[in-house]
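*Asks:* Once you've had a glance at the structure underneath, I'll fire off some questions.
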Amino acid sequence: MSAVGLKILVIDESDERAQVLLAGLEDAGYHHVQYLRDMSDLVPRIAAIDPDVILIDLENPNRDTIEQMFRVSREVKRPIAMFVDESDPETTKSAIRAGVSAYIIDGLRRDRIQPVVDVAISRFESYRELEQRATDAELQLAERKTIERAKALLMEKRAMTEPDAYEAIRHMARAKGKRMVEVAESLLTAQALGI
């Protein structure tokens, strides 16, 4: 993501502190920046703005504010950098588990904004990649299990060996221009319906 076209949303109840973030973003070449001071109904408001990156500054956050920010990070699915003046280890862990990409304690300085944005984007993309790999692995495992069940069905109903059952599913998939898992699902559905 380049600074030129990146849309950044700054959320901060303090105009004075927000000016530090806004100045740091301007210094770094970010020109598409929006600022929200009011933190009510954040999730739908953020969805309407549709930013690429969110910077949240919480001077002295209370428990309710922190929970709302964690809800934002879980539901919005964007790189989020959160600046706080103080934090305890449990809150820090909760922020990371909730999906905050960069959690900066006592570090709101104009010259640090660019590196923080870079880290937030990088960590978010890495997390997304890992999440996608996990989803792909789960899908592959589910597909393998479906094929295994279809093989077992053919082995039982047609007295086939395991390699023959696998080859039969593969041959049907090729002949029909489908994936093996689709053929396996069709076989299992036909069996369930008594066809």
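*Asks:* Can you confirm whether the stretch 90-110 contains a residue that is more than 30 Å from residue 6 (Cα to Cα) and without any contact (Cβ under 8 Å) to a residue 40 or more places away in the chain?
*Replies:* Going through the stretch 90-110, the residues more than 30 Å from residue 6 (Cα to Cα) turn out to be 90.
The next check asks that each one be without any contact (Cβ under 8 Å) to a residue 40 or more places away in the chain; those that pass are 90.
Scanning the stretch 90-110, I find at least one residue that is more than 30 Å from residue 6 (Cα to Cα) and without any contact (Cβ under 8 Å) to a residue 40 or more places away in the chain, so the answer is yes.
*Asks:* Further, regarding this structure: Within the stretch 86-186, considering only helices (runs of 4 or more DSSP H) that don't extend past its boundaries, which have at least 2 residues that are closer than 30 Å to residue 55 by Cα?
*Replies:* 89-98, 113-158
*Asks:* Let me ask you something else. Would you check if residue 69 is in a helix (DSSP H, G or I) and either assigned by TED's automatic domain parsing to the domain that holds residue 113 or within 22 Å of residue 123 (Cα to Cα) (or both)?
*Replies:* yes
*Asks:* Let me ask something else. For the subset of the stretch 99-115 comprising residues that are within 20 Å of residue 15 (Cβ to Cβ) and in contact with a strand residue (DSSP E or B) (Cβ under 6 Å, 6 or more places away or on another chain), which member is modelled with the lowest pLDDT?
*Replies:* This residue is 108.
*Asks:* Out of 78, 97, 123, I need the residue that is under 13 Å from the mean Cα position of the chain (by Cα), loosely packed, with under 15 Cβ neighbours inside 10 Å and on the phi < 0 side of the Ramachandran plot. Which one?
*Replies:* On the way: 78 fails: loosely packed, with under 15 Cβ neighbours inside 10 Å; 123 fails: loosely packed, with under 15 Cβ neighbours inside 10 Å.
Selected residue: 97, the only one of 78, 97, 123 that is under 13 Å from the mean Cα position of the chain (by Cα), loosely packed, with under 15 Cβ neighbours inside 10 Å and on the phi < 0 side of the Ramachandran plot.
*Asks:* Would you confirm, using the coordinates I've provided, whether residue 57 is of a type outside the set (A, V, I, L, M, F, W, C) and surrounded by fewer than 17 Cβ atoms within 10 Å (Cβ to Cβ)?
*Replies:* no
*Asks:* With respect to the numbered conditions (1) at pLDDT below 95; (2) part of a helix (DSSP H, G or I), which one is the sole condition not fulfilled by residue 195?
*Replies:* Going through (1) at pLDDT below 95; (2) part of a helix (DSSP H, G or I) one by one, residue 195 breaks only (2).
*Asks:* Considering each of 34, 19 in turn, give the residue that is assigned to a strand (DSSP E or B), modelled with pLDDT of 80 or more and either outside the structural domain of residue 118 (by TED's automatic domain parsing) or surrounded by fewer than 16 Cβ atoms within 10 Å (Cβ to Cβ) (or both).
*Replies:* 34
*Asks:* Looking at 146, 189, 161, can you tell me which residue is in contact (Cβ under 8 Å) with a residue 12 or more places away in the chain and outside the structural domain of residue 16 (by TED's automatic domain parsing)?
*Replies:* Working: 189 fails: in contact (Cβ under 8 Å) with a residue 12 or more places away in the chain; 161 fails: in contact (Cβ under 8 Å) with a residue 12 or more places away in the chain.
146 is the lone residue from the list that is in contact (Cβ under 8 Å) with a residue 12 or more places away in the chain and outside the structural domain of residue 16 (by TED's automatic domain parsing).
*Asks:* So which residues in the stretch 149-195 are surrounded by 13 or more Cβ atoms within 10 Å (Cβ to Cβ) and over 24 Å from residue 139 (Cβ atoms), if there are any at all?
*Replies:* 155, 160, 164
The values are calculated or read from the model by the stated rules, or taken from the named source; none is laboratory data. Because the structure is a prediction, the values reported are computed rather than measured. Here the Cβ is made from the backbone with ideal geometry for all residues, glycine too, and neighbour counts use every protein chain on show.
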